[in-house]
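Okay, structure first, notes after.
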Amino acid sequence: DAKTTQPTSMDCAEGRAANLPCNHSTISGNEYVYWYRQIHSQGPQYIIHGLKNNETNEMASLIITEDRKSSTLILPHATLRDTAVYYCIAGSSNTGKLIFGQGTTLQVKP
Amino acid sequence: GAVVSQHPSWVICKSGTSVKIECRSLDFQATTMFWYRQFPKQSLMLMATSNEGSKATYEQGVEKDKFLINHASLTLSTLTVTSAHPEDSSFYICSAVEGALEETQYFGPGTRLLVL
């Protein structure tokens with residue numbers, strides 16, 4: 001399973017876009033990039049995932065570099081409720097296992 | 001979106017007793033379920049992979065005789081912590097996936113276990 005590297009913490013102003021980077025330079029061809037977030041004392045919430053192409057849903061956009069060695073999660077208009085720990089995970093399509101790292105603590109400020 | 005529930009949401013037990021935690025997929029059939037644990041201020045740690053009708057696969061370092069996992073149906077998996085001790089106190093979270101393994105894993109709300 002590929003290891004991912006994320007900044008420990010980030011701040012974002014309410015209403016602005018939050019761009020969360022993730023490095024996964026050792027990702028293999030059958031590993032997807034998943035993003036989850038966890039608000040204190042709750043189970044993780046799915047945000048988005050992708051293999052090669054950029055993806056967008058109602059919550060966020062995922063931009064994956066062409067070489068797949070890094071990605072960026074974009075929350076287009078951050079709100080205070082987006083304050084959470086965000087996890088970027090390279091998950092195997094063979095096993096389905098998600099190996100969580102330490103994630104990025106995003107603090108959205110008014 | 002798909003909903004996964006856990007029961008109980010929190011439990012307090014005495015040292016030496018066993019505790020069962022249920023994980024249910026409410027509106028889909030889960031071919032695979034996963035169990036995690038999370039200690040305070042730490043990330044989630046995968047404990048085991050559970051497939052309906054077969055034995056669970058445990059991660060390295062996880063005692064299969066202590067953490068019994070049963071996946072009796074496509075909507076229910078249970079984790080039993082046997083002979084619980086204070087060091088087993090943790091936040092236990094399950095997840096479920098419908099269909100192919102690269103599909104979205106949906107997580108339950110977690111069960112907080114406190115062993116006295």
Quiz prompt | Area buried, chain B against chain A - accessible surface, total, 1.4 angstrom probe, square angstrom | solution = 1600 Å²
Quiz item: How much accessible area does B:D27 have with a 1.4 Å probe, in Å² rounded to the nearest 10?
Solution: 90 Å²
Self-check item: Peptide A:38-47, shielding by other chains (average Cβ, 10 Å cutoff)
Solution: 5
Practice problem: Go ahead and run the numbers for FRET between A:R81 and B:T17, Cβ-Cβ distance against an R0 of 45 Å, rounding to 0.05. | Solution: 0.75
Quiz item: When ranked by the protection proxy of mean other Cβ atoms within 10 Å per residue, highest first, what sequence do the peptides B:8-15, A:61-68, B:109-116 form?
Solution: B:109-116, A:61-68, B:8-15
Exercise. May I ask for the distance between the Cα centers of the range A:33-110 and the range A:14-30, given as a whole number of Å?
Key: 7 Å
Quiz prompt | For A:25-36, mean number of other protein chain Cβ atoms within 10 Å | solution = 1
Practice problem: Using the Cα centre as the reference, give the magnitude of the dipole from point charges on the C-beta atoms of the range A:26-110 (Lys, Arg: +1; Asp, Glu: -1; all else neutral), rounded to the nearest 20 debye. | Solution: 180 debye
Self-check item: Label point 7 Å beyond Cα of A:N19 along Cβ direction - residues of the range A:71-110 with amide nitrogen under 15 Å
Solution: A:71-78
Exercise. Any cysteines in chain B with zero other Cys Cβ atoms under 4.7 Å from their Cβ? List them, or say none.
Key: B:C13
Quiz item: Around B:S25, what is the net charge, scoring Lys/Arg as +1 and Asp/Glu as -1 over all other residues with Cβ under 15 Å from its Cβ?
Solution: -4
Exercise. Excluding A:Q102 itself, calculate the net charge of residues whose Cβ lies under 14 Å from the Cβ of A:Q102, where each Lys or Arg counts +1 and each Asp or Glu counts -1.
Key: +3
Exercise. Compute the distance in nm between two label points, each set 7 Å from the Cα along the Cα-to-Cβ direction, one at B:N70 and one at B:S9.
Key: 2.6 nm
Quiz item: Averaged over peptide B:90-102, how many Cβ atoms belonging to another chain are found within 10 Å of each residue's Cβ?
Solution: 3
Practice problem: Calculate, for A:N53 and B:Q29, the FRET efficiency according to 1/(1 + (r/R0)^6) with r their C-beta to C-beta distance and R0 25 Å; round to the nearest 0.05. | Solution: 0.35
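The values are calculated or read from the model by the stated rules, or taken from the named source; none is laboratory data. Since the model is a prediction, treat every value here as computed from it, not as a measurement. Every residue, glycine among them, receives a Cβ derived from its backbone with ideal geometry; neighbour counts consider all protein chains shown. To get the accessible areas, we keep the full protein, side chains included, count just its heavy atoms, and leave off ligands, DNA and RNA. Shrake-Rupley method; radii C 1.70, N 1.55, O 1.52, S 1.80 Å.
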